[in-house]
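Following: one structure in structure tokens, then a few remarks.
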Amino acid sequence: MYPKPYLDYLVQFHAERDYFECHEILEEHWKSAPPAERKQVWVALIQIAVSLYHHRRGNLQGALKMMTNAIRLVENHQTDLQELGLDGAKLAQLLGQRLADIKAGIPYSSLNLPVADPVLQSEYRRACTEQNLPLQRNSDLGNSFLLHKHTLRDRSEVHEERLRQLELREQNRRNQAES
């Protein structure tokens with residue numbers, strides 16, 4: 001019933017606390033739709049994860065910016081959140097409290113999304129069981145890879161693609177110059 005990337009996001013969010021991976025999963029899902037059909041509710045969920053990633057790392061400015069944007073989107077997309085099996089009103093309340101915590105400099109703590117739909121709860125439980133994961137756990141604040149993933153992950157494919165695109169542009173310029 002629910003898209004697999006969304007379930008994968010929820011598993012990463014609650015069971016692994018890998019907010020960077022949450023961002024990667026949902027961004028790819030969001031971008032897979034034609035631009036005119038891209039739903040902003042996915043952006044809200046991405047921004048929640050990014051805010052928590054920043055908060056956990058102590059980047060309060062990044063956390064504040066992302067959480068502020070996420071709250072605005074959550075407030076404006078309550079129906080979409082309900083269709084995704086979440087309690088949008090409770091989510092807005094939780095995010096508002098987290099925003100206040102960030103502003104007050106209160107250190108990061110794990111946050112759970114308020115899943116309201118029993119079908120989503122069941123699908124999520126099954127996904128965790130299949131991966132031999134708990135339904136939720138607190139963030140491992142001692143896991144430096146999890147905390148700093150954006151700087152520690154393998155980016156060789158991205159760099160290779162950038163070089164390939166640069167070479168293509170150069171080839172196109174040479175071809176146009178010769179024409």
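The values are calculated or read from the model by the stated rules, or taken from the named source; none is laboratory data. Keep in mind the model is a prediction, meaning the values are calculated, not measured. Please note: Cβ atoms are built from the backbone with ideal geometry, for glycine as well, and neighbour counts cover all protein chains shown. Side chains included, ligands, DNA and RNA excluded: accessible areas come from the protein's heavy atoms. Shrake-Rupley method; radii C 1.70, N 1.55, O 1.52, S 1.80 Å.
When region 107-135 is limited to residues that are among the small types (Gly, Ala, Ser) and surrounded by 17 or more Cβ atoms within 10 Å (Cβ to Cβ), the one that is farthest from Glu83 (Cα to Cα) turns out to be Ala127.
Across region 43-75, the qualifying residues are those that are polar (S, T, N, Q) and open to solvent by less than 50 Å² (accessible area, probe 1.4 Å), and the one among them that is farthest from Glu24 (Cα to Cα) is Asn69. Consider Arg57 carefully, then state whether it is touching a His at 6+ places or on another chain (Cβ under 9 Å), among the basic types (Lys, Arg) and farther than 21 Å from Asn143 by Cα. Here the answer is no, as Arg57 does not meet what is asked. Restrict the check to region 14-32 and report whether at least one residue is hydrophobic (A, V, I, L, M, F, W, C), surrounded by fewer than 23 Cβ atoms within 10 Å (Cβ to Cβ) and in contact with a Cys (Cβ under 8 Å, 6 or more places away or on another chain). Checking region 14-32: at least one residue is hydrophobic (A, V, I, L, M, F, W, C), surrounded by fewer than 23 Cβ atoms within 10 Å (Cβ to Cβ) and in contact with a Cys (Cβ under 8 Å, 6 or more places away or on another chain). Residues of region 122-143 that are without any contact (Cβ under 8 Å) to a residue 24 or more places away in the chain and not in a loop (DSSP other than H, G, I, E, B): Ser122, Arg125, Arg126, Thr129, Glu130.
From the list Leu86, Leu95, which residue is under 15 Å from the mean Cα position of the chain (by Cα) and open to solvent by less than 40 Å² (accessible area, probe 1.4 Å)?
Working: Leu86 fails: under 15 Å from the mean Cα position of the chain (by Cα).
Checking each option against the conditions leaves just Leu95.
The residues listed here are Leu168, Leu146; of these, the one that is modelled with pLDDT under 95, within 19 Å of Met66 (Cβ to Cβ) and outside any loop (DSSP other than H, G, I, E, B) is Leu146. Please identify the pairs in which a residue from region 21-44 that is in a helix (DSSP H, G or I) has its Cβ atom under 6 Å from the Cβ atom of a residue that is of a type in the set (Asp, Glu) and open to solvent by less than 70 Å² (accessible area, probe 1.4 Å), counting only partners at least 6 apart or on another chain. Final answer for the pair search is Ile25/Asp8; Val41/Asp80.
Checked against (1) among the acidic types (Asp, Glu); (2) under 22 Å from Thr129 (Cα atoms); (3) more than 11 Å from the chain's Cα centre (by Cα), Asp8 passes all but condition (3).
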